[in-house]
Structures are given as C-alpha cells and as structure tokens.
1. Scan the range 71-97 and report the pairs whose first residue is more than 23 Å from residue 345 (Cα to Cα) and whose second residue is outside any helix (DSSP H, G or I) and modelled with pLDDT of 95 or more, with Cβ atoms within less than 7 Å and a gap of 6+ or a chain change.
2. Taking the condition of being at pLDDT 90 or above, surrounded by fewer than 18 Cβ atoms within 10 Å (Cβ to Cβ) and touching a helix residue (DSSP H, G or I) at 6+ places or on another chain (Cβ under 7 Å), how many residues in the range 186-199 meet it?
3. Is one or more of the residues making up the range 132-140 over 29 Å from residue 46 (Cα atoms) and in a loop (DSSP other than H, G, I, E, B)?
4. Answer with yes or no whether residue 338 is surrounded by 21 or more Cβ atoms within 10 Å (Cβ to Cβ), out of contact with any helix residue (DSSP H, G or I) (no Cβ under 6 Å at 6 or more places or on another chain), modelled with pLDDT under 95 and closer than 20 Å to residue 241 by Cβ.
5. Looking at the range 22-36, I want the residues that are at positive phi and have a partner that is in a helix (DSSP H, G or I) and surrounded by fewer than 24 Cβ atoms within 10 Å (Cβ to Cβ) with Cβ atoms under 9 Å, at least 6 apart or on another chain. Which pairs are those?
6. Of the residues 289, 285, 319, which single one is at pLDDT below 90 and closer than 25 Å to residue 34 by Cα?
7. Could you check the range 388-418 and list, in sequence order, the residues that are surrounded by fewer than 16 Cβ atoms within 10 Å (Cβ to Cβ) and either closer than 11 Å to residue 247 by Cα or touching a strand residue (DSSP E or B) at 6+ places or on another chain (Cβ under 8 Å) (or both)?
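The values are calculated or read from the model by the stated rules, or taken from the named source; none is laboratory data. None of these values were measured; they are calculated from a predicted model. Every residue, glycine among them, receives a Cβ derived from its backbone with ideal geometry; neighbour counts consider all protein chains shown.
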C-alpha cells in the first residue's frame with residue numbers, strides 16, 4: 001500500500017505546469033489572506049462595529065453572482081490567461097491601498113469601496129485555479145493534485161495570517177502592503193509560465209458571427225443545466241452552499257470579533273486563531289493526498305457533519321488555548337469536506353465544461369455574505385455563543401437532510417461519486 005500512496009502525493013510535481021501553478025496559487029493565497037486579516041482588523045478597530053465587519057467580509061464575495069461568467073470566459077480564452085489577468089488586477093487594487101496607507105489618506109470608506117471592487121473578481125479565483133488544475137493534470141492524479149493544491153490556501157491561512165499580523169503590528173499597514181503587492185506581481189508572472197494544453201474544440205464554443213451574446217448566454221445555460229441534471233453534482237453544490245451559509249461565517253469572517261470581544265486579544269491573537277484553523281486544514285489536505293481508495297462522497301458527508309459538530313463545541317468555549325485546539329480540528333474536517341466537493345465536481349465534469357461547472361460551484365459562495373450579515377445582526381440580539389450554536393445545529397440538520405435525499409448518489413458504495 002505504501003508504494004501506491006507515495007506517488008499520489010509526489011506525482012503532481014512531476015508535471016512541469018503544476019510546478020509553476022502551485023507556487024503561483026500559494027503566493028496569491030498568502031496575499032489574499034494577509035489582506036483579509038489586515039483590513040478586517042482595520043475596519044473593526046476604526047469603526048468599532050461588528051456589523052460593519054460583517055459588511056466588509058460580505059463585500060469580498062459580491063462577485064459570486066457573476067462567477068459562472070468567469071467560467072464561460074475561462075473555457076473560451078483559456079484558464080491560464082484568465083487567472084493571470086485576475087492576479088494582475090489584484091496587484092493593481094493592492095497598489096492603490098498601499099498608496100493610500102503610505103500617504104495617510106486611507107479611511108474605512110475607501111477600504112470598503114476597494115474591497116467591493118475586488119470582490120467582483122476574487123470569488124472566481126478558486127474555481128478558475130481548480131479548472132486549470134483539472135486541465136493540466138492526468139485524470140488518475142486528480143485527487144492528489146487537488147489535495148496538494150488546497151495546501152496553498154491552508155499554508156496561506158497559517159503562515160500568511162501570522163506574517164500579516166506580524167507585519168501589521170510591527171511596521172504598520174503601508175509597509176505590510178508593499179509585501180502584498182510584491183506577492184501578487186510574482187504570482188502573476190508564475191501563472192504566465194504555465195503552458196496549458198490546447199483545449200479541444202466544442203460546438204458550443206464556435207460562435208456564429210455577429211451573435212456573441214446569444215452564444216455566451218447559451219454557454220452559461222448549458223453549464224447550469226449540466227450541474228442541475230447530474231444528481232451527485234447538484235448534491236455537492238448544495239453542500240457547498242450550506243457550509244458557506246452556516247460554517248464559514250464562524251470560522252472565517254467573524255474571527256476578528258471573536259478575538260477582540262470574546263477573548264480580549266489583539267491582532268496577534270487573531271493571527272493565532274486564523275492560523276490554528278489553517279493548520280488543521282493543512283493537515284487534512286496533506287493527509288488526503290497520501291491516502292488512496294477513499295469513498296469521496298461518504299467522506300464529504302462524514303467530515304461536513306464533524307465540522308459542524310466541532311463548531312458547536314467552539315461556540316461554548318471561553319478559553320483561548322481550548323479554542324485554538326478546537327479550530328485545528330474544525331480546519332481538518334473542513335479540508336476533507338471541501339476537497340471531496342471539488343473532486344466530485346471535477347470527476348463528473350466534461351473537459352469543455354469544467355470552467356462553467358466551477359463557476360456554478362462559486363455561486364454557492366453567495367450564501368456566505370448572507371450568513372455573515374445575518375450573524376452580525378443576531379450577535380447584537382442574542383450574543384455570539386447562541387448565534388454560533390444556532391448556525392452549527394442548523395448545519396448538522398440540513399447536512400443530514402442532504403445525505404438522506406441523495407443517499408443513492410452519495411452513500412451507496414457503488415455510486416459513481418464513491419468510485420475509488
């Protein structure tokens with residue numbers, strides 16, 4: 001068995017393109033996490049409002065509604081080219097924030113405006129990079145490649161959070177943003193070094209002259225219909241929608257509030273909370289890349305329920321060390337769940353539809369700002385512990401409902417989603 005599992009973790013790096021894409025994704029993820037931590041703390045401290053904090057976090061995902069269009073564009077012009085343009089755009093936005101911070105003109109209003117603009121593009125980054133991985137990797141190495149690719153986000157939340165908090169605390173926002181701009185620029189250059197194989201032509205992509213809009217809408221409709229008529233893909237999308245609505249608000253967007261108001265710590269303590277969740281996620285990604293023969297759909301069900309159960313415990317904890325340990329376990333379960341969702345979607349998707357499938361998957365992120373804004377209001381009324389408990393309990397109940405409704409497609413050992 002050991003001879004079988006070892007290649008599953010190392011094989012992706014034998015592919016030249018992957019050796020460029022992985023560090024490009026890593027640097028982008030580092031920069032994004034550093035920005036999220038620095039700006040979230042800035043908005044909370046400057047305004048003192050948990051509601052504005054949830055507004056800030058929600059603005060990062062305003063582009064989820066147009067994410068399927070990014071999938072259509074990626075299927076047409078190539079996922080590599082689209083990803084490089086997106087990362088160049090991140091660099092420009094970060095440069096603007098850096099200039100405002102260094103000149104002393106930065107205000108929470110400017111931060112919210114720029115985050116809203118960047119939020120039009122950022123939600124599609126994960127889907128486009130996933131489609132590119134599926135394009136450049138052999139099918140039998142897809143689980144290992146996606147698992148290792150996931151470590152770029154995990155290490156970013158761990159090391160990026162700590163380094164971002166450290167730079168912010170030691171040097172201030174301006175110098176910290178100099179580092180962020182450099183990370184985006186290097187990631188763009190590395191992305192351009194990827195040479196993706198030419199995609200096979202597909203009739204849907206052949207536009208009739210003078211009718212590009214009609215063809216674009218037809219492409220988008222085909223992608224949505226493809227996902228909706230494939231039961232295992234539809235179930236995976238609902239799982240992604242559920243965790244973004246009820247789990248990620250607790251383990252992502254609300255952590256600055258938890259750090260300051262629940263545990264009475266500063267931005268360094270916030271970095272530890274974020275890094276703990278990321279450490280667990282990293283362990284989960286690496287572990288899954290080393291294990292073969294997994295029933296992926298069953299893993300998705302079990303790990304998602306365990307994630308919610310861990311958050312239910314986290315909601316009651318008043319001790320910082322215990323909270324850190326709980327977040328490590330939550331991150332571990334989150335990693336197993338989200339990798340399973342991605343593998344189910346990419347295995348089922350036809351090559352010419354991968355971008356659109358991942359674009360539809362990104363639509364599920366739209367539930368995150370809804371969950372964040374609702375949590376911000378509920379915390380003011382009933383407190384954090386009650387709000388978090390309500391979210392986690394609802395998540396467990398709804399996940400069980402999804403597993404029961406699609407049990408033939410998700411739990412049956414012979415279902416395609418459980419193929420080894």
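1. Every condition considered, no pair remains.
2. Residues that pass the stated criteria total 3.
3. Looking through the range 132-140, at least one residue is over 29 Å from residue 46 (Cα atoms) and in a loop (DSSP other than H, G, I, E, B).
4. Against the criterion (surrounded by 21 or more Cβ atoms within 10 Å (Cβ to Cβ), out of contact with any helix residue (DSSP H, G or I) (no Cβ under 6 Å at 6 or more places or on another chain), modelled with pLDDT under 95 and closer than 20 Å to residue 241 by Cβ), residue 338 qualifies.
5. Going by the 9 Å Cβ cut-off, there are no qualifying pairs.
6. Being at pLDDT below 90 and closer than 25 Å to residue 34 by Cα holds for just one of 289, 285, 319, which is 285.
7. 394, the sole residue that qualifies.
Conditions tested, residue by residue: (1) assigned to a helix (DSSP H, G or I); (2) farther than 30 Å from residue 225 by Cβ; (3) modelled with pLDDT of 85 or more.
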{"site": "244", "(1), (2), (3)": "yes, no, yes"}
{"site": "251", "(1), (2), (3)": "yes, yes, no"}
{"site": "265", "(1), (2), (3)": "no, yes, no"}
{"site": "281", "(1), (2), (3)": "yes, yes, yes"}
{"site": "293", "(1), (2), (3)": "no, yes, no"}
{"site": "308", "(1), (2), (3)": "yes, yes, yes"}
{"site": "313", "(1), (2), (3)": "yes, yes, yes"}
